[in-house]
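Reviewing the structure listed below.
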Amino acid sequence: MRSETLGRRALLRRSVLVTAALAVTPAVDVLPAQADELVLAFVDNYRTNVSANRTVPSNAAVRALAGMQRLWRTGTTWNDGRALDSAVLAANIRHVVAVTGSRTAEQAKRAFIYDRQHQSYAAIGGLGPLADLYRTGAKAVTSIVAAPDGTPSSTVDDAIPAGAPAGSALGAGAEDSDLGLVAQLVDTLRGPYASGNPSKYAYQYPRPWRLNADSRVVDTGRVDAFGFPVYESDVMVAPQLLRQRGASPVDDAGYPSGHTNAFHLACLALAYAIPERFQELVTRAYDLADTRIVAGMHSPLDVIGGRILGTALATATLADPANAKLKADARQQALRYFTAKTGTTADTLYARAHTGPDEYANRPANASLVASHATYGLPACGARTPMLVPKGAEVLLETRLPYLDAAQRREVLRTTAFPAGNALMDGPEQWGRLNLFAAADGYGSFAADVRVSMDVAQGGFCASDSWRNDIDGAGGLVKAGSGVLTLTGANRYRGGTRVQGGIVVAASSSALGVGPVEVADGTLRLNCDLHVRSYRQTGGELVLRHGDALTALSGSVVISGGVLEILVDSSCPQGPIRVLTARELRGRFATIRVNVPGMRAVPTYTPTGLSVRILREHS
């Protein structure tokens, strides 16, 4: 941990030096190259994000977003900033032009809904099959459920609709409802220190419809039908939102996107309380944020900045000791409510949360959305900085990976981070590089041996979880405890796999990496043919379906006890079943059994493997 702390301080110090070298304007002051004590972690200083603080030294949020200074030089007035990286800024505006120029009427209407709807209410859509139950339990309502075909006659604001149940509230819901603590958690994350406005004033990067392709503000001298100036830009604001454009540019900068910040705060608060929908809520935040570009109201850089700010603020608020009881109570309230309403248990709620109408039911599509919207394909710039996880960020995974300790969750975040190369995401503390969607799927790499102990008695993810990432690295996996861990990736980790308790499910042919595999206790269950380097079993169980086999590609198979169980259906498989294949097989199982009563297995051991014939007891 000491080396990680020193590395983080060095990274922060380098970021500050870069910021200091680039900033030459009075709008965004920067930290001087002084002692380490001047470099402050966001989580320890997030309460400095108030309207009176608009500089890097005074405001932790402005500092977290300082990667922008590698791209844009803030001017002395709102419209005289200058591009420092013309390639990135030109691509940024080109993306908005392309999106707004090709959007459909339905996409424009969807962008209107999420522009006008309370952002915390919009986040509820990420709950999928649980969304309606949540709205009812939280008494959460909205009046923005449809969009006009053209420009509305006046500004449209969200409100409690007529006929709403008594006590209903906008946003995440009423704090005196059945899900009041969850609503309070959302409101707390979106509290008095959660605004993006101080950073907007600091950076003064204009809205995309005020910029031309060269990132210059050019006023044509004309005004539109609403009296707003017309700028030389090819960006088209959605017709339904033309009236929402700010009339005062100095008070209406684009970076960071305030809606994006709010979407991420609300979604991450819900993800903490309802981790059964963690990945879908993360996807929801990215999806909602993208509507800001579809609307023509923001650019990719604005959206990335909003995500950085929302992620940092969510971390700081959840990590604040003042909120420790609230976050724990909100999680327990959500668990009690949803298990009662769905007739499930903590162990089965995940399945129920993924059964039914769901905008985010397609997991590969969700992963693709997150990956594409992470950088929007903007040109890479800068050095390939190694990932150092921001202080406190592990709190974001507390309820999603509850069986890991804080250091392990930090390593998950480090090994699943987005690649370096984006100026904003590589900024101070690298908040933008956190890939929470991937992190929910476990480690991306084992730098050293990882011991995982899961406890069925604790229920939920502690009882059963799946790691879907493709894991590499020199380390290995030690599975202990009583829970079930399923590995589905195309794994290449080299340190081996040791099953010491519970169940490990191998759901791909390379699920256990390329190192040796040992079962000492517990169970190794195969859901497909499994390829390993070598295999040893001294106890525990090897369970496989008839037709699947374990193959040691380059080493031996050594059996000195334990159980082999073969899963068959009610029919009796014809002919011998190949179970083990190796360059050399030594030893025998203590017991070989079949899961169907009335059937037995007759083994045939050879120097290079094992096959069995399934017979009925009377045969």
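The values are calculated or read from the model by the stated rules, or taken from the named source; none is laboratory data. Remember, predicted model here, so these are calculated numbers, not experimental data. All Cβ positions, glycine included, derive from the backbone under ideal geometry; neighbour counts span all protein chains shown.
Do you know which residues across the range 213-228 are part of a loop (DSSP other than H, G, I, E, B) and among the charged types (D, E, K, R)?
Scanning the range 213-228 gives D214, R216, D224.
One residue is enough: does the range 466-483 have a residue meeting the conditions closer than 30 Å to A60 by Cα, assigned to a loop (DSSP other than H, G, I, E, B) and not charged (D, E, K, R)?
No, the range 466-483 contains no residue that is closer than 30 Å to A60 by Cα, assigned to a loop (DSSP other than H, G, I, E, B) and not charged (D, E, K, R).
Condition (residue is assigned by TED's automatic domain parsing to the domain that holds L281 and of a type in the set (G, A, S)) applied to the range 451-459: is it met by at least one residue?
Among the residues of the range 451-459, not one is assigned by TED's automatic domain parsing to the domain that holds L281 and of a type in the set (G, A, S), which makes the answer no.
Go over the candidates R284, R292, R243 one by one and state the one that is assigned to a helix (DSSP H, G or I) and at pLDDT below 95.
R243
Give, as residue ranges, the helices (runs of 4 or more DSSP H) completely inside the range 81-150 that count at least 1 residues that are assigned by TED's automatic domain parsing to the domain that holds A172, in contact with a helix residue (DSSP H, G or I) (Cβ under 8 Å, 6 or more places away or on another chain) and surrounded by fewer than 21 Cβ atoms within 10 Å (Cβ to Cβ).
Ranges flagged: 86-102, 105-116, 131-138.
Answer with yes or no whether R600 is closer than 18 Å to R525 by Cα, surrounded by 13 or more Cβ atoms within 10 Å (Cβ to Cβ) and touching a residue at least 12 places away in the same chain (Cβ under 8 Å).
When the stated conditions are applied, R600 does not pass them.
Looking only at residues that are touching a residue at least 40 places away in the same chain (Cβ under 8 Å) and not in a strand (DSSP E or B) in the range 535-546, which one is nearest to A507 (Cα to Cα)?
H546
Out of the residues in the range 404-462 that are in a loop (DSSP other than H, G, I, E, B), more than 13 Å from the chain's Cα centre (by Cα) and of a type in the set (D, E, K, R), which is modelled with the lowest pLDDT?
Top of the filtered list is D426.
I'd like to verify a number: residues in the range 180-192 that are out of contact with any Ser or Thr (no Cβ under 9 Å at 6 or more places or on another chain) and assigned to a loop (DSSP other than H, G, I, E, B), how many?
1
Given the criteria surrounded by fewer than 24 Cβ atoms within 10 Å (Cβ to Cβ), aliphatic (A, V, I, L, M) and free of Cβ contacts under 8 Å to residues at least 40 places away in the same chain, does A351 qualify?
When the stated conditions are applied, A351 passes them.
Just to verify a result, which residue in the range 28-55, among those that are in a loop (DSSP other than H, G, I, E, B) and modelled with pLDDT of 95 or more, is surrounded by the most Cβ atoms within 10 Å (Cβ to Cβ)?
Going through the qualifying residues, I end up with N49.
Of the residues that sit in the range 354-394 and are under 20 Å from R70 (Cα atoms) and of a type in the set (S, T, N, Q), which one is surrounded by the fewest Cβ atoms within 10 Å (Cβ to Cβ)?
Out of the qualifying residues, it is T385.
(1) within 20 Å of D302 (Cα to Cα); (2) surrounded by 21 or more Cβ atoms within 10 Å (Cβ to Cβ); (3) touching a helix residue (DSSP H, G or I) at 6+ places or on another chain (Cβ under 8 Å): which one isn't true of R433, the others all being true?
Among (1) within 20 Å of D302 (Cα to Cα); (2) surrounded by 21 or more Cβ atoms within 10 Å (Cβ to Cβ); (3) touching a helix residue (DSSP H, G or I) at 6+ places or on another chain (Cβ under 8 Å), R433 violates only (3).
Residues A238, A316, A271, A334: which one is over 19 Å from R135 (Cα atoms) and assigned by TED's automatic domain parsing to the domain that holds D187?
A316
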